[in-house]
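Working notes, beginning with the structure itself.
The values are calculated or read from the model by the stated rules, or taken from the named source; none is laboratory data. Everything numeric in this text was worked out from a predicted model, so none of it was measured. Cβ: placed from backbone, ideal geometry, glycine included. Neighbour counts: every protein chain shown.
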């Protein structure tokens with residue numbers, strides 16, 4: 001209906017819902033910030049007569065500060081670990097149409113890359129790598145008429 005010129009959109013409910021969700025998030029964030037400020041003020045106050053409410057607020061403020069400190073330490077540890085690992089690199093496929101036999105360490109390559117010395121390499125669409133185990137591959141070879149009596153099948157059965 002969006003492309004039809006005879007129909008006109010009167011209201012966008014999805015946009016309205018997103019707007020209300022954003023308002024709720026901002027309101028919650030503002031309330032959390034106010035509560036945090038109250039707790040920090042309670043933790044800093046040094047009144048001589050302490051009522052149970054004041055002690056509870058101080059305890060809650062201490063817990064909140066410890067939690068924030070633990071989160072900062074965790075974030076720093078994560079960043080340090082990521083820096084130690086190094087930058088993320090995407091794995092490149094050696095050849096298009098690669099079929100890997102899982103558990104055996106063998107691979108069958110279908111196709112070759114041509115034009116390796118060209119100035120602008122062609123972008124191949126990323127092909128899906130399917131992992132199969134030896135039992136599945138043997139079953140496939142048994143079902144295929146031209147592979148059912150092959151030397152490759154008999155060797156695979158010996159493993």
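Annotation: residue 77 fulfils all but one of (1) modelled with pLDDT of 85 or more; (2) within 30 Å of residue 140 (Cβ to Cβ); the unmet one is (2).
Within the stretch 2-36, restricting attention to residues that are within 23 Å of residue 61 (Cα to Cα) and modelled with pLDDT under 90, the residue that is surrounded by the most Cβ atoms within 10 Å (Cβ to Cβ) is 36.
When 93, 69 are screened for being under 30 Å from residue 159 (Cα atoms) and either modelled with pLDDT of 75 or more or not in a helix (DSSP H, G or I) (or both), only 93 passes. What about residue 107, is it at pLDDT below 65 and not in a strand (DSSP E or B)? No; evaluated as a whole, the condition is false for this residue.
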